[in-house]
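To start, the structure under review is shown below, and the notes come after it.
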Amino acid sequence: MKKYKNLIAKEISSLLENVTEQQIAALIEYPPNSEMGDLSFPCFKLSKTLRKAPQVIADELKWSLQLDAIERMESAAGYLNFFIDKVRFADYVIKSILTLGDQYGSQNVGNDKTVVIDYSSPNIAKPFHVAHLRSTVIGNALYRIYSFLGYTCIGINHLGDWGTQFGKLIVAYHLWGNSDEIEKGGIDELLRLYVKFHDEAEHNPVLEDQARAWFVKLEQDDKEALRLWRWFVDISIKEFKRIYQLLGVHFDSYTGESFYNDKMEAAIGQLRDKGLLEEDQGASLVRLDAYEMPPALILKKDGSSLYHTRDITAALYRKDAYDFEKAIYVTDYAQNLHFQQWFKVVELLGYEWSNDLVHVAFGRVSLEGTSLSTRKGNIIKLEDVLQQSIAKTKAIMEARNANIENMDEIARQVGVGAVIFNDLSSSRIKDIVFSWKEVLNFEGETGPYLQYTHARASSILTKAMSQFGMSINDSLVEPAHLINDSSIHLLKELSMFGERIEWAMQKSEPSIISRYLIDLAQAFNRFYHECPILVENASVREARLALVKCVKTTLVNGLRLIGLEAPEKI
Ligand code: ARG
């Protein structure tokens, strides 16, 4: 549809003075129903500059415009409505998708400029839980969306591998842990120690002092502290990587917080030189009262660094290393203030690029009513959720159709996809409740529904091949067979794909693509019920099959953008 918008905008702007093609294109709308046209140009904004009533402008344009792609125009209540030539439109959509294939929907908006995306970033020695999943899948989708739009992406896992919790773990390990148990139990055992530390520290505050002391030692490169820390990190990363593999998520760099240890001094030096650093009871901070925010803490009174310190240092480093056009941080909205504070500090350092730092916040996840907290040990482990989802999917598939090849692999693709889609199905800022009934509903607005629709399209194409021995040749497709309501509706959905991807990028909102895919699948299912495909008439059959092929291509591309696989059979 974007091509149509541009075509109309070009013609209109050539008829008018002082308005650009882009300005016109931005005004063109899609009417809520097709009786009002396929595209519509509201003339209200122009009314002021042209000193004419909107209705008059619409009337005049109607008589002057000449567009082959448009069958007719109607001027109504200040709008100029365009009705497209359906046959040409069908021809254009089918040809574009069949020619572009897995590149359909991509564009070079980014021109190879770099976008750094900081996502997932779990904390070492704590299990990866469902809240980290959101950051992982949103970040992964943004990575794929930006890449598809021609940006160079750098995916960074800013592991929480530094901080006072390591002091706590070291104390707990010395008091109650042993190496065999940790080797055997992995993160679970580390969590047990962490939880025990908090339980004990409640009535024995000395433990907190000891933990702080160990963290200071760690920051001063104490050998024993470093050895234990490295060990906890390795154990954790091994488990995280297992999950990333299951999810199909990739990072270009695992530079966690500890990576910035030797770089913080320079950053703190800059703060000091700019006169931003203030002493307060032995601690160092940047005051942000003027911006109605609490101060950003940079150094504690024992000299140890903080989350803010490491984020500021990391941003300076990333600008230097990648010269990014944009740096995105994906975390839950509980960290809004944290990001507002340190973005401001970077601005106060005099860096204009502080405007290119973007916090992409998302809502909380609860599991049918339970809230999640690491300290109390009351957490839901993501790996368990994924494994359960795979097992439940397999059970559903077995109940539906027992003889499917590579059932385990497909159950993995669908089970994992269901969990990912659930996280991306509503706008990111909304809190979501995880409910098995909804996540795995094959008929609802879910990942399995999309994958199932894709498998249905695939099976029609395979059947056509075996029954009629044909493959689709776009030059033979007769578009006049595709102008009934359900086909045109489906073609229109298909033609929206590129614009939706751009929109998803502009809003950092993968759910725009999830929503789009549901609409597309519903349009396809309507077409499928209204238009028999494998009919005797070869010309009709070929045209409808071409449309099915286009749907399959677009579903695969869209699912890939949000991190879902598209098995051929379910
Ligand atoms: N490790 C943090 C957490 O689990 C998230 C880190 C996000 N990235 C960043 N650069 N602050 O809450």
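What number, in percent, do you get for the relative contact order of the range 104-195 if the mean sequence gap of Cα pairs under 8 Å and at least 6 apart is divided by its residue count?
Working: 115 pairs, mean separation 33.0, N = 92.
Worked out over the range 104-195, it gives 36 percent.
How long are the semi-axes of the equivalent ellipsoid of the range 178-275, taking √(5λ) for every eigenvalue λ of the Cα gyration tensor, in whole Å from largest down?
Details: eigenvalues 147, 116, 32 Å².
Values for the range 178-275, descending: 27, 24, 13 Å.
Among rounded, prolate and oblate, which fits the chain when a ≥ b ≥ c are the square roots of the eigenvalues of its C-alpha gyration tensor, a/c under 1.5 means rounded, and a/b larger than b/c means prolate?
Numbers: a/c = 2.93, a/b = 1.55, b/c = 1.89.
Judged from the Cα gyration tensor, the chain comes out oblate (a/c at least 1.5, b/c at or above a/b).
Select from the range 311-359 those trypsin sites (Lys or Arg not before Pro) which occupy a DSSP coil region and have at most 16 other Cβ atoms within 10 Å, ordered by residue number. Each step should come with its number before you reach the end.
Working: sites: 318, 319, 326, 344; in loops: none.
Counting only loop positions with at most 16 other Cβ atoms within 10 Å, none of the trypsin sites (Lys or Arg not before Pro) in the range 311-359 qualifies.
Which of 12, 417, 36 sits farthest toward the positive end of the charge dipole of the chain, with +1 on the Cβ of Lys and Arg and -1 on the Cβ of Asp and Glu?
36
Could you compute how much accessible surface residue 462 exposes when probed at 1.4 Å, giving the result in Å² to the nearest 10?
Approximately 90 Å² for this residue.
Run the quick spin-label model on residue 199 and residue 107: label points 7 Å from Cα toward the beta carbon, then report their separation in nm to one decimal.
The two pseudo-label positions are separated by 5.7 nm.
Which angle from 0 to 90°, rounded to the nearest 10, does the C-alpha axis of helix 206-219 make with the longest principal axis of the chain?
Orientation of helix 206-219: about 70 degrees from the principal axis.
Taking N as the number of residues in the range 8-157, what value does Rg over Cα atoms divided by 2.2 N^0.38 Å take?
On the way: Rg = 22.2 Å, N = 150, 2.2 N^0.38 = 14.8 Å.
Relative to the rule-of-thumb radius for its length, the range 8-157 sits at 1.50.
Consider a paramagnetic label point 7 Å from the Cα of residue 64 along Cα→Cβ; state which residues of the range 78-98 have an amide N under 15 Å from it.
80
For residue 76 and residue 529 in the same chain, what is the full-extension length gain: residue separation times 0.36 nm, less their Cα-Cα distance, in nm? Don't skip to the end; give the middle numbers.
Details: separation 453, 0.36 × 453 = 163.08 nm, distance 3.47 nm.
Gain in length upon complete extension: 159.6 nm.
Under the Kirkwood approximation applied to all pairs of distinct alpha-carbon atoms, what is the hydrodynamic radius of the range 10-90 in Å?
Numbers: mean 1/r = 0.0780 Å⁻¹.
Evaluated on the range 10-90, it is 12.8 Å.
What full-extension length gain, to one decimal in nm, is calculated for residue 180 and residue 6 as 0.36 nm per residue of separation minus the Cα-Cα distance? Before the final figure, lay out each step's value.
Working: separation 174, 0.36 × 174 = 62.64 nm, distance 6.64 nm.
So the extension gain works out to 56.0 nm.
Would you mind estimating how fast the range 233-334 diffuses translationally, via Stokes-Einstein at 10 °C and 1.306 mPa s with the Kirkwood radius over Cα pairs, in µm²/s? Working shown, then result.
On the way: Rh = 15.9 Å.
This corresponds to a translational diffusion coefficient of 100 µm²/s.
Please compute the volume of the convex hull spanned by the alpha-carbon atoms of the range 377-464 and report it per residue in Å³.
Details: hull volume 9.4 nm³, N = 88.
Taking only Cα atoms, the range 377-464 has a hull volume of 107 Å³ per residue.
Less than 15 Å Cβ to Cβ from residue 428, Lys/Arg counted +1 and Asp/Glu -1: what total charge do the surrounding residues give? Walk me through the numbers on the way to the answer.
Working: positive: 134, 364, 430, 507, 515; negative: 332, 423, 431, 509.
Residues near residue 428 contribute +1 overall.
Could you state, as a whole-number percent, how many of the C-alpha pairs of the range 220-265 are farther apart than 15 Å? List each step's numbers first, then the result.
Details: 602 of 1035 pairs.
That fraction is 58 percent.
By the gyration tensor of its Cα atoms, with a ≥ b ≥ c the square roots of the eigenvalues, what is the shape of the range 435-533: rounded for a/c under 1.5, prolate for a/b over b/c, or oblate?
On the way: a/c = 2.14, a/b = 1.40, b/c = 1.53.
Oblate is the answer for the range 435-533, as a/c is 1.5 or above yet b/c matches or exceeds a/b.
For residue 301 and residue 538, calculate 0.36 nm times their separation in residues minus their Cα-Cα distance, and state this gained length in nm to one decimal. Before the final figure, lay out the partial values.
Details: separation 237, 0.36 × 237 = 85.32 nm, distance 8.06 nm.
Residue separation times 0.36 nm, minus the Cα-Cα distance, leaves 77.3 nm.
What order, most packed first, do the peptides 251-260, 69-78 have when packing is the mean number of other Cβ atoms within 10 Å of each residue?
Working: 251-260: 19.7, 69-78: 15.6.
Peptide ranking by packing, descending: 251-260, 69-78.
So, with a 1.4 angstrom probe, what is the percent of accessible area on the range 433-570 that is carbon and sulfur? It would help to have the intermediate numbers written out before the result.
Values: 2710 of 5440 Å².
Whole-percent figure for carbon plus sulfur exposure: 50.
Given labels modelled 7 Å from the Cα in the Cβ direction, how far is it in nm from residue 29 to residue 560?
The two pseudo-label positions are separated by 3.6 nm.
Compute the helix-to-body angle for 447-468: its Cα long axis versus the longest principal axis of the chain, expressed 0 to 90° and rounded to tens.
With rounding to tens, the tilt is 40 degrees.
To the nearest 20 debye, what charge dipole does the chain have about its Cα centre, counting +1 at the Cβ of each Lys and Arg and -1 at the Cβ of each Asp and Glu? Before the final figure, lay out each step's value.
Working: 64 positive and 77 negative charges, 154 e Å.
I would put it at about 740 debye.
Which one, 153, 90, 133, projects farthest toward the positive side of the charge dipole computed for the range 87-211 from Cβ point charges (K/R +1, D/E -1)?
90
For the chain, build the charge dipole from Cβ charges (+1 Lys, Arg; -1 Asp, Glu) around the Cα centre, then report which of 255, 484, 281 sits farthest towards its positive end.
The Cα lying farthest towards the positive end belongs to 484.
Please provide three numbers in whole Å: the alpha-carbon extents of the range 314-363 along the principal axes, with the largest listed first.
31, 21, 15
Using Cα pairs closer than 8 Å and at least 6 residues apart in sequence, work out the relative contact order for the range 70-119, in percent. Write out the running numbers ahead of the final one.
On the way: 22 pairs, mean separation 10.4, N = 50.
Computed over the range 70-119, the figure is 21 percent.
Among the lysines, which have Cα under 28 Å from the Cα of residue 394 when same-chain residues fewer than 8 positions away are ignored?
Partners found: 238, 241, 381, 437, 463, 549, 552, 569.
With an 8 Å Cα cut-off and a minimum separation of 6 or more residues, compute the relative contact order for the chain in percent. Don't skip to the answer; put the middle values down first.
Values: 884 pairs, mean separation 91.2, N = 570.
Result for the chain is 16 percent.
Looking at the chain only, what percent of DSSP beta bridges run antiparallel? Nearest 5 please. Show your work: numbers first, answer last.
On the way: 22 of 42 bridges.
Around 50 percent antiparallel, to the nearest 5.
The values are calculated or read from the model by the stated rules, or taken from the named source; none is laboratory data. Nothing here was measured: the structure is a model prediction, and the numbers come from that model. In this analysis, Cβ positions are derived from the backbone assuming ideal geometry, glycine residues included, and neighbour counts consider all displayed protein chains. These accessible areas exclude ligands, DNA and RNA; they are computed on the full protein's heavy atoms, side chains included. Shrake-Rupley method; radii C 1.70, N 1.55, O 1.52, S 1.80 Å.
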